[in-house]
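Read the structure below first, then the notes.
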Ligand SMILES: [Zn+2]
Ligand SMILES: [Zn+2]
């Protein structure tokens, strides 16, 4: 199955879908799918429509989502992204999330949607404190609000999400279709850690195997419960 595109229905993956008329940043195939997402989407639909791209502080700033530890809702931010030119590694870019996280940040890729069992055509990155369960961080209120009522608190400390391209060598503006995938990722993490862990292991393995080829692998449709290895590079080629 082809990777899930941001133009497809965010709830069921159907290809024929229309954008939310207010934010134009997520698509749905039907009113039923739009309604099913509304409790989540409403947190950022209006803020997104009012987050003017003309306020971008510089071309190195990209639209990202900040999940504050002690506020009730996630919010849109302009995240400064650092560009690195390395003789061996080439040109790469990453989000400077340290000002939001403090010291000791770590990150994970969101490359797969376990709810829809689909690879994503565009990855996101979640940066968090590297030891948030043991470093005294409090339960992340904004994530909890986003996921209630069907989760037990798991994520602690601040979290920043931003979009990536080309095997994480470039950053991009995050959309609300990405937000839906990130929320699904949070849900998965809480409900079925084994599913995510096996998926991550598969990705790490395939990233390692493909690290020099940078090729897109179109294999998809892996079962979350499998420890299968067909969740692979999904960096968008542009
Ligand atoms: Zn749908
Ligand atoms: Zn919207």
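The values are calculated or read from the model by the stated rules, or taken from the named source; none is laboratory data. Predicted model, so just to flag it, every value in this text is computed and none were measured. All Cβ positions, even for glycine, are placed from backbone atoms using ideal geometry, and neighbour counts span all protein chains on display.
Within the stretch 48-62, at least one residue is away from ligand 2 (no atom under 16 Å from the Cβ), under 19 Å from the mean Cα position of the chain (by Cα), in contact (Cβ under 8 Å) with a residue 12 or more places away in the chain and within 26 Å of residue 170 (Cβ to Cβ). Taking helices (runs of 4 or more DSSP H) as the structural unit, those lying wholly within the stretch 119-238 and holding at least 2 residues that are in contact with a helix residue (DSSP H, G or I) (Cβ under 8 Å, 6 or more places away or on another chain) and at pLDDT 70 or above correspond to 141-147, 176-191.
Going through the stretch 5-22 one residue at a time, which ones are within 14 Å of ligand 2 (Cβ to nearest atom) and within 18 Å of the chain's Cα centre (by Cα)? Those that are within 14 Å of ligand 2 (Cβ to nearest atom) and within 18 Å of the chain's Cα centre (by Cα): 6, 9, 10, 11. Screening residue 42 on (1) in contact (Cβ under 8 Å) with a residue 24 or more places away in the chain; (2) near ligand 2 (Cβ under 10 Å from one of its atoms) shows it passes everything except condition (1). The set of residues in the stretch 25-39 that are without any contact (Cβ under 8 Å) to a residue 24 or more places away in the chain and either near ligand 2 (Cβ under 9 Å from one of its atoms) or within 26 Å of residue 72 (Cβ to Cβ) (or both) comprises 28, 34, 35, 38, 39. A count restricted to the stretch 1-39 and to residues that are away from ligand 1 (no atom under 11 Å from the Cβ), exposed (fewer than 15 other Cβ atoms within 10 Å of the Cβ) and under 13 Å from residue 116 (Cβ atoms) stands at 2. The single condition from (1) at pLDDT 95 or above; (2) away from ligand 1 (no atom under 16 Å from the Cβ); (3) surrounded by 16 or more Cβ atoms within 10 Å (Cβ to Cβ) that residue 94 fails is (1).
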